[in-house]
Amino acid sequence: MKNHPKYKFYKELHPEWSEDQIETAVSIDMSAENEVNRRGKDIDPDDPDLIRDILEGARTWLEEVLPQVFERVKTFFDNIISTLTTWVQNGLKYVVELIGKILGKDLN
């Protein structure tokens, strides 16, 4: 995964992040791209169902592809998905910020 362009992007953007934080951001980014491709480009980025599907897709991908990372970040996904309605107005950018804040505290 370290050779993946999205991995390199997040590593350069947030050099202080742990591997788990970067892998979590990559999984969300890839899931968002998949959902846009599946639904079409004329979507509402603030649609709670879209955001939930993106997060659940990212969670599933990590669980299947990087289970060791998933074990360390599953609480993050559980919490963020269960509180979706509280923060949905802020969109996915807010989720990426939470990766730095919440996972950084839990993992460092």
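The values are calculated or read from the model by the stated rules, or taken from the named source; none is laboratory data. The shown structure was predicted, so the numbers you read here are calculated from the model rather than taken from an experiment. Don't worry about glycine lacking a Cβ; one is built from the backbone with ideal geometry, like all the others, and counts go over all protein chains shown. Just so you know, the surface numbers come from the protein's heavy atoms only, side chains and all, with ligands and any DNA or RNA stripped out. Shrake-Rupley method; radii C 1.70, N 1.55, O 1.52, S 1.80 Å.
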| message | Against the condition assigned to a helix (DSSP H, G or I), at pLDDT 95 or above and not charged (D, E, K, R), how does residue 87 come out, does it pass? | response | no
| For residue 11, all conditions in the list (1) surrounded by 15 or more Cβ atoms within 10 Å (Cβ to Cβ); (2) modelled with pLDDT under 90 hold save one; what is the number of the exception? | (2)
| request: Could you grab me the full set of residues in the stretch 33-57 that are touching a residue at least 24 places away in the same chain (Cβ under 8 Å) and open to solvent by less than 20 Å² (accessible area, probe 1.4 Å)? | output: 51, 54, 55
| task | Only residues that are over 22 Å from residue 83 (Cα atoms), out of contact with any Gly (no Cβ under 8 Å at 6 or more places or on another chain) and modelled with pLDDT of 90 or more: list them for the stretch 23-42, please. | result | 33, 36, 37, 38, 39
| note | Expected output for the stretch 63-75 (first residue in a helix (DSSP H, G or I) and open to solvent by less than 100 Å² (accessible area, probe 1.4 Å), partner modelled with pLDDT of 95 or more and aliphatic (A, V, I, L, M), Cβ below 9 Å, 6+ apart or cross-chain) is 69/62; 70/62; 73/62; 74/62
